[in-house]
1. Of (1) of a type in the set (K, R); (2) surrounded by 10 or more Cβ atoms within 10 Å (Cβ to Cβ); (3) more than 28 Å from F11 (Cα to Cα), K108 satisfies all except one. Which?
2. So K42 ticks every box in (1) charged (D, E, K, R); (2) over 10 Å from the mean Cα position of the chain (by Cα); (3) under 21 Å from F13 (Cα atoms) but one. Which box is left unticked?
3. Can you name every residue in the stretch 6-19 that is in a loop (DSSP other than H, G, I, E, B) and either of a type in the set (A, V, I, L, M, F, W, C) or modelled with pLDDT of 90 or more (or both)?
4. Looking at the stretch 20-30, is at least one residue in a loop (DSSP other than H, G, I, E, B), at pLDDT below 90 and surrounded by 15 or more Cβ atoms within 10 Å (Cβ to Cβ)?
5. Exactly one condition in (1) in contact (Cβ under 8 Å) with a residue 40 or more places away in the chain; (2) within 30 Å of K10 (Cβ to Cβ) is not met by Q32; state its number.
6. Filter the stretch 59-101 down to the residues that are more than 19 Å from S25 (Cα to Cα) and of a type in the set (S, T, N, Q), then identify the one that is surrounded by the most Cβ atoms within 10 Å (Cβ to Cβ).
7. Restricting the search to the stretch 31-48, which residues are part of a loop (DSSP other than H, G, I, E, B), out of contact with any helix residue (DSSP H, G or I) (no Cβ under 9 Å at 6 or more places or on another chain) and surrounded by 15 or more Cβ atoms within 10 Å (Cβ to Cβ)?
8. Only one of (1) out of contact with any helix residue (DSSP H, G or I) (no Cβ under 7 Å at 6 or more places or on another chain); (2) assigned to a loop (DSSP other than H, G, I, E, B); (3) not aliphatic (A, V, I, L, M) is not met by Y65, so which one is it?
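The values are calculated or read from the model by the stated rules, or taken from the named source; none is laboratory data. Nothing here was measured: the structure is a model prediction, and the numbers come from that model. For neighbour counting, all protein chains shown are included, and Cβ atoms are generated from backbone atoms with ideal geometry for every residue, glycine included.
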Amino acid sequence: MRKRIQDPRKFNFSDFYCTKCANKSIPIIRIQGKERESGHLKKLYCIHCQHETNMCEIRNGVGQYNLEDFWIEYNYGNFDNDGNRIIPWKQFVADIKNKMEQEEDKNK
């Protein structure tokens, strides 16, 4: 039995960013309804740093987690050497906000 060809309008692209080198990797096509949430970590081969690492999935314009969130998480060091999150995203954001408020209080 042959597989039917899928309607191309039922596919979405997800961009992946390396948690080690922060470079954008090759996008992956996801079938509508079977997508992962934005911010999902997937182990893939990075063409830039030449290692198999966790990649952070960014879905264009969909979900609460976007590219800016990835950069915040990357720059503040929320990924360990294996590319896993040290602290879950929502807790990480709350911790960063608390630290910023404490610094503002010290500066006043």
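1. That leaves (2) as the condition not met.
2. Exception for K42: condition (2).
3. T19 - this is the single residue of the stretch 6-19 that is in a loop (DSSP other than H, G, I, E, B) and either of a type in the set (A, V, I, L, M, F, W, C) or modelled with pLDDT of 90 or more (or both).
4. no
5. Single failed check for Q32: (1).
6. That would be N78.
7. E35, H40, C46 - these are the residues of the stretch 31-48 that are part of a loop (DSSP other than H, G, I, E, B), out of contact with any helix residue (DSSP H, G or I) (no Cβ under 9 Å at 6 or more places or on another chain) and surrounded by 15 or more Cβ atoms within 10 Å (Cβ to Cβ).
8. Of everything listed in (1) out of contact with any helix residue (DSSP H, G or I) (no Cβ under 7 Å at 6 or more places or on another chain); (2) assigned to a loop (DSSP other than H, G, I, E, B); (3) not aliphatic (A, V, I, L, M), Y65 misses just condition (1).
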